[in-house]
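Single-structure report; data block below.
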Amino acid sequence: MIAGFIQHEPRYLDVNWNLRLVDGLLGGVQADLLVLPELFATGYHFRSMDDVHSVAESVEDDNAPTLSALKEWSVATGATLVAGYVERHGSDLFNAAAVVRGGRIMGNYRKVHLFYKEKSLFAPGSKFPVFPVENSSGEKYRLGVMICFDWYFPEAARSLVLQGADVIAHPSNLVRRDCPRSMPIRALENHVFTITANRIGTEVADEEHLTFIGQSRACDPNGDIVAEVGRQDTGLSLFQIEPASARDRQITATNHLLNDRVTDAYVLS
Ligand code: ACM
């Protein structure tokens, strides 16, 4: 099936401009799965709580600009879209990713491992859900979602794979240099496809600069890189993946990646 990621440079709080940018990238595209960066329409390095509130959207609001655009793009492209946004739920705000297909929100993930100043802006999520989806030929597969800093915790990807994920969508706003070289390992150690969509550019808040490192990449279950872009590239990258090929987790005739785990020997806390 055709999968892809977008790497872009959003403008801080300029939701309409950012949505127009992505709309331009998706014009005429047909695909099965498209991953967009974390907080792709708002920017990341928030200067105040008011700024976060000003761009928060509720999944219940049919007029929410980012979620509405995602619904429209999912119909126009035929794809399942996974994209980061600020979710408002009651009085809580989450750094979330919506899973959108056929014009409706079919899943939502709330970032569990909050990075740095996110801890004072967002409530943490509490689970790693996996969503049953299908590609445009009707082939079913299972899609896990994690957001950016979740990569640092191997338990996140492993939790998704233990629930049957064939593909992990990974919307990101990476600032640390280690993630691009770690994602092939996450893919290999879990025998799963990973698709990391990152952004570029620099944002400033309280005189602190955060520079986003680009280098979006997709990896296959052998840990090989299927698609990658550089530190400054922007645009949509499309590539071919076959989710079903992630399902055979037999390592040798006598070893299985998941069945050979010795859970009694592991210390998890
Ligand atoms: C990050 O989690 N956005 C670094």
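Please treat every number below as a calculation from the coordinates, not as lab data. Computed from a prediction, not measured in an experiment: that's the story for all the values here. For neighbour counting, all protein chains shown are included, and Cβ atoms are generated from backbone atoms with ideal geometry for every residue, glycine included.
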Going by alpha carbons, how many degrees (0 to 90, nearest 10) lie between the helix axis of 65-77 and the longest principal axis of the chain? 50
Net charge of neighbours whose Cβ lies under 11 Å from the Cβ of Ser237, counting Lys and Arg as +1 and Asp and Glu as -1: -1
Scalar couplings 3J(HN,Hα) for segment 129-138 by Karplus 6.51 cos²θ - 1.76 cosθ + 1.60 (θ = phi - 60°), nearest whole Hz, x for Gly and Pro, are x, 10, 10, x, 10, 9, 8, 5, 8, x
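Please give the per residue volume of the convex hull enclosing the alpha carbon atoms of segment 1-137, rounded to a whole number of Å³.
Hull volume over Cα atoms, normalised by residue count, gives 106 Å³.
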Which one of Asn173, Asn135, Asn259 has the biggest mean-square fluctuation once the chain is modelled by GNM with Cα springs under 10 Å? Asn259
Report the rotationally averaged projected area of the chain based on its alpha-carbon convex hull, in square nanometres. 14.2
Counting each DSSP H run of 4 or more residues in the chain as -39500 (n - 2.57), what helix-only mean residue ellipticity at 222 nm follows after dividing by all residues, to the nearest 500 deg cm²/dmol? -5500 deg cm²/dmol
Computed from the beta carbon distance with a Förster radius of 45 Å, FRET efficiency for Asp224 and Asn63 to the nearest 0.05 stands at 0.55
Compute the helix-to-body angle for 15-26: its Cα long axis versus the longest principal axis of the chain, expressed 0 to 90° and rounded to tens. 50
May I ask you to derive the FRET efficiency for Arg176 and Leu268 from their Cβ-Cβ distance with R0 = 22 Å, giving the value to the nearest 0.05? 0.35
Folded to 0 to 90 degrees: helix 179-190 orientation relative to the chain principal axis, Cα: 40
Contact order relative to length for segment 11-131, counting C-alpha pairs under 8 Å separated by 6 or more residues, stands in percent at 23
Expressed as a whole number of Å, what is the distance separating the alpha-carbon centroids of segment 1-30 and segment 58-133? 16
Where a ≥ b ≥ c are the square roots of the eigenvalues of the C-alpha gyration tensor, would you call segment 120-209 rounded, which needs a/c under 1.5, or, failing that, prolate if a/b is larger than b/c, or oblate? prolate
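Go ahead and run the numbers for FRET between Glu72 and Phe239, Cβ-Cβ distance against an R0 of 22 Å, rounding to 0.05. Could the numbers behind the result be given before it?
Working: r = 24 Å, r/R0 = 1.08.
After rounding to 0.05, the efficiency reads 0.40.
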Cross-link candidates for Lys119: which lysines have Cα within less than 24 Å, leaving aside residues fewer than 8 places away along the same chain? Lys111, Lys127
Please give me the summed charge of the neighbours of Ser74: other residues whose Cβ is under 14 Å from its Cβ, Lys and Arg +1, Asp and Glu -1. -1
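Under 1.5 on a/c is rounded, so check that first for segment 60-215, then, if it is not, pick prolate when a/b is larger than b/c and oblate when it is not; a ≥ b ≥ c are the square roots of the alpha carbon gyration tensor eigenvalues. Walk me through the numbers on the way to the answer.
Details: a/c = 1.57, a/b = 1.13, b/c = 1.40.
Verdict is oblate for segment 60-215.
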